[in-house]
Amino acid sequence: MGILGPAPIARLGYRQGFLSPLSGLLAHLRTRALTDLYNNRPSWPVEPHRKLDETAFAAQGWPSPLTDEEVVKPLLVLSGEHAALQW
């Protein structure tokens with residue numbers, strides 16, 4: 001029993017959160033795992049991903065936007081050329 005009497009049950013949850021502030025953060029971070037991002041496709045990474053694609057395309061001298069097939073095809077050609085040089 002404290003100076004002000006026993007702590008009400010409602011305060012126990014607050015006290016636990018105060019003593020372990022990371023528990024709520026860790027629960028939130030679990031929803032940001034790669035599996036969750038892949039399965040639920042949130043909208044927040046769409047714009048940064050588009051900008052990254054445009055930057056990578058510009059660095060290669062490619063037009064933007066490209067389909068996945070249009071990206072993979074020249075990369076496979078470059079990979080084959082690189083492998084031929086090593087043998």
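The values are calculated or read from the model by the stated rules, or taken from the named source; none is laboratory data. Everything quoted here is computed from the prediction, not taken from an experiment. FYI the Cβ positions are ideal-geometry reconstructions off the backbone, even for glycines, and counts take in every protein chain you see.
Only a single criterion out of (1) assigned to a helix (DSSP H, G or I); (2) modelled with pLDDT under 90; (3) not aromatic (F, W, Y) is not satisfied by A56, namely (2).
Within segment 43-75, the set of residues being surrounded by 10 or more Cβ atoms within 10 Å (Cβ to Cβ) and more than 30 Å from R32 (Cβ to Cβ) comprises Q60, W62, E70, K73, P74. Only one of the numbered conditions (1) within 27 Å of the chain's Cα centre (by Cα); (2) modelled with pLDDT of 90 or more is violated by V77, and that is (1).
Checking segment 13-21 against the condition returns a match, with at least one residue being at pLDDT 60 or above, farther than 30 Å from P65 by Cβ, loosely packed, with under 10 Cβ neighbours inside 10 Å and aliphatic (A, V, I, L, M).
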